[in-house]
Structures are given as C-alpha cells and as structure tokens.
Amino acid sequence: MFDDVDTIVFMKTYGERVKERREELGMTQTQLSRAIGGKHGSTVGNIELRDGESRYTFELSEALGVTVEWLRYGKEPKLLPGRGEIFDENISPGPDSRGQLPLISWVKAGEFCDVIDNFQPGDAEAWYPCPVAHGPNAYILRVNGESMSPEYRDGELIFIDQRGNYEHGDDVIVRSPDHKATFKRLQITHEGTFLLAINPAWPDRIIKIPEDSQICGKVIFQGRPR
C-alpha cells in the first residue's frame, strides 16, 4: 500500500512525533513540560494526544533538538544541526542532556545565593535541559546587558553551578551585601580579589569585591535560544 518508509513517517501525528523524540532522549513528560515552560506535568501528555500542532512548537523544537518542520509535518531533516547528526565535517553531535535546570530571574539569584535543597516549579520561569555535568543546585540566568560582551550576548542563557573551588578567570555570579546579583569575571591577584567586566568599552571595568559579598556560582555552559 505504501511505496516507501518516508510515507509511513508522514502518517504519524504531531503528538506521536513529540513522544518519539522525547523517549529517544529518555525524558519524562514532566521534564519536557518544565523545559517548554508548561505549568503542569500534563502539558506534554496532552500534546502527545494531539493530531494538530501545539502552541509550544518552537519551545519543543529547542528542548527536543528537532526542526520545526519535522514536528509539524514529519519532514526531514529531523534533528537540529549539532544535536545528534553531523551536517558538515566541522560540526559534531551535541552532548547528551544531564537533566533539567530552572531559568530564574536575577532577583531570585540574589535570594537563592545561599545553598538550597532544591528549586520548586514556581521559582522558575522555565526549565531547560543541561548538556554538562553539574551539582544539585545549579540554575540558569539570562544575560542582561553588555558588560560581558562580546563573549556573552544580551539575552543569552548561562548555566550556573553553585559548587565552590572558584579560580582566577572563572565567570561568576556574585551577590552584593544588599542581595543584588552581578555577572563578572573573577580576578584573584596579589593586590586582592576583583571583578572584571569583559567589555573593553565598559566604564569602571574592574571593581574590588565589597566585603560580605558572596559568590553564587560559576558559568559551566552557555547557549542562546533560537
């Protein structure tokens, strides 16, 4: 009845494609729901029962590492570049996911600088898969401003690990005594410990860390949602 395998692939529903890729990644429905910003674990469960497109298509594309066209219509290529297929000789497969981390606000980062047991669903704006190893209290922030340009762009996501052993040159989140969080490069010198803004055009690029400040973690990965 069918001439080739591709025809069979096109017969799958939108929801079946979501389920197929989720199971390939070993993700639960709850984990994927968090990754796309769903308020309940049933968000993905409901999507997987759909024949038609979900309003979370672009979020699902990023979280699952698949193209929008594949999600919508089953059209190849299935995977996004660098997410499991080699599209060119200078592109390697992306790393495997190491669990879901919460995207939180800078205000929350200042509040949560002290070691915490776990983030609760309501503490996060969204949940994203992390491709590198991390401690139990890692989290994600969105870069705000240009002080760390050009290495970090405004709007880019940075994955932060709260484990210690901070060294000279680490890019860290620091909480000031008034509980405000800032993102700078750690400079440990004979003259003292300082914070450096990478952007060469930034005013007052080097500042001494105020007393009673606290390092809230360092960058272990960076990425930009598309």
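The values are calculated or read from the model by the stated rules, or taken from the named source; none is laboratory data. Remember, it's a predicted structure, so these values are computed and weren't measured experimentally. In this analysis, Cβ positions are derived from the backbone assuming ideal geometry, glycine residues included, and neighbour counts consider all displayed protein chains. The accessibility values were calculated without ligands, DNA or RNA, using every heavy atom of the protein model including side chains. Shrake-Rupley method; radii C 1.70, N 1.55, O 1.52, S 1.80 Å.
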Has segment 105-125 got at least one residue that is surrounded by 19 or more Cβ atoms within 10 Å (Cβ to Cβ) and at pLDDT 80 or above?
-> no
Test set (1) in a loop (DSSP other than H, G, I, E, B); (2) under 15 Å from LEU196 (Cα atoms); (3) touching a residue at least 40 places away in the same chain (Cβ under 8 Å) - GLU167 fails condition number | (3)
Scanning for something under 26 Å from ALA181 (Cβ atoms), modelled with pLDDT under 85 and among the hydrophobic types (A, V, I, L, M, F, W, C), does segment 86-103 turn up at least one residue?
-> yes
Got a sec? Which of THR13, THR67 is at pLDDT 65 or above, within 19 Å of the chain's Cα centre (by Cα), among the polar types (S, T, N, Q) and over 18 Å from TRP127 (Cβ atoms)?
-> THR67
Every residue from segment 191-224 that is open to solvent by less than 50 Å² (accessible area, probe 1.4 Å) and either in contact with a helix residue (DSSP H, G or I) (Cβ under 9 Å, 6 or more places away or on another chain) or assigned to a loop (DSSP other than H, G, I, E, B) (or both) = ALA197, ILE198, ASN199, ILE209, SER213, CYS216, GLY217
Tabulated pairs, segment 209-221, first small (Gly, Ala, Ser), second buried (at least 19 other Cβ atoms within 10 Å of the Cβ), C-beta under 6 angstrom, 6+ apart or interchain | SER213/VAL174; GLY217/ILE160; GLY217/ASP161; GLY217/GLN162; GLY217/ILE173
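For (1) modelled with pLDDT of 90 or more; (2) open to solvent by less than 70 Å² (accessible area, probe 1.4 Å); (3) of a type outside the set (Ser, Thr, Tyr), each residue gets a yes or a no:
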| residue | (1), (2), (3) |
| --- | --- |
| TYR139 | no, yes, no |
| GLU146 | yes, no, yes |
| ARG153 | no, no, yes |
| ASN165 | no, no, yes |
| ASP170 | yes, yes, yes |
| ARG175 | no, yes, yes |
| ASP178 | no, no, yes |
| LYS184 | yes, yes, yes |
| GLN187 | yes, yes, yes |
What do you reckon, is ILE188 in contact with a strand residue (DSSP E or B) (Cβ under 9 Å, 6 or more places away or on another chain) and in a strand (DSSP E or B)?
-> yes
Could you count how many residues in segment 23-55 are on the phi < 0 side of the Ramachandran plot, in contact with a helix residue (DSSP H, G or I) (Cβ under 9 Å, 6 or more places away or on another chain) and either part of a loop (DSSP other than H, G, I, E, B) or open to solvent by 40 Å² or more (accessible area, probe 1.4 Å) (or both)?
-> 22
